[in-house]
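Below is one structure, written out as structure tokens; the observations come after it.
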Amino acid sequence: MQIDTDMLGFAAASCTTCSFIPQVWLVWRQRAAAGISIGMYSIFSLGVFLWLCYGVMITAWPIIIANALTLLLALSVLGMKWHFERVAPEDRSV
């Protein structure tokens, strides 16, 4: 049985990228990100950005697409953490 390497890459990328969706949804729904580590997400985002650059350099579409989407999701969690921590507690009832 022969496995297409791009299809394997897209399948793996789909799993790892989609794993961030529940975190983004939870932070958005709760309007809070107290348990999110800024350090971890910052370093992770940098690593994903570097993987994205690598994918572009070697023209590997599974790597490019997955890391672009993952970077967007990770940065959205960081952005929400920054935003929600600056919103006064009484303003969270909106």
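The values are calculated or read from the model by the stated rules, or taken from the named source; none is laboratory data. Computed from a predicted model, the values in this text were never measured in an experiment. When we count neighbours, we look across all protein chains shown, and the Cβ atoms used for this are built from the backbone with ideal geometry, even at glycine. With ligands, DNA and RNA removed, areas are computed over all heavy atoms of the protein, side chains included. Shrake-Rupley method; radii C 1.70, N 1.55, O 1.52, S 1.80 Å.
Please go through segment 39-48 and give me each residue that is open to solvent by less than 90 Å² (accessible area, probe 1.4 Å) and within 13 Å of the chain's Cα centre (by Cα), ordered by number.
Tyr41, Ser42, Phe44, Ser45, Gly47, Val48
Is it true that Phe10 is open to solvent by less than 60 Å² (accessible area, probe 1.4 Å) and either touching a His at 6+ places or on another chain (Cβ under 8 Å) or among the aromatic types (Phe, Trp, Tyr) (or both)?
Values: open to solvent by less than 60 Å² (accessible area, probe 1.4 Å): no; either touching a His at 6+ places or on another chain (Cβ under 8 Å) or among the aromatic types (Phe, Trp, Tyr) (or both): yes.
So Phe10 does not fit the description; no.
Test each condition in (1) in contact with a Ser or Thr (Cβ under 9 Å, 6 or more places away or on another chain); (2) touching a residue at least 40 places away in the same chain (Cβ under 8 Å) for Leu75 and report the one that comes out false.
If we test Leu75 against (1) in contact with a Ser or Thr (Cβ under 9 Å, 6 or more places away or on another chain); (2) touching a residue at least 40 places away in the same chain (Cβ under 8 Å), just (2) comes out false.
I need the full set of residues from segment 17-27 which are surrounded by 13 or more Cβ atoms within 10 Å (Cβ to Cβ) and either β-branched (Val, Ile, Thr) or over 18 Å from Ile65 (Cα atoms) (or both), in order please.
Initially, segment 17-27 is screened for residues surrounded by 13 or more Cβ atoms within 10 Å (Cβ to Cβ), giving 17-18, 20, 23-24, 26-27.
Thr17, Gln23, Val24, Leu26, Val27, listed by residue number.
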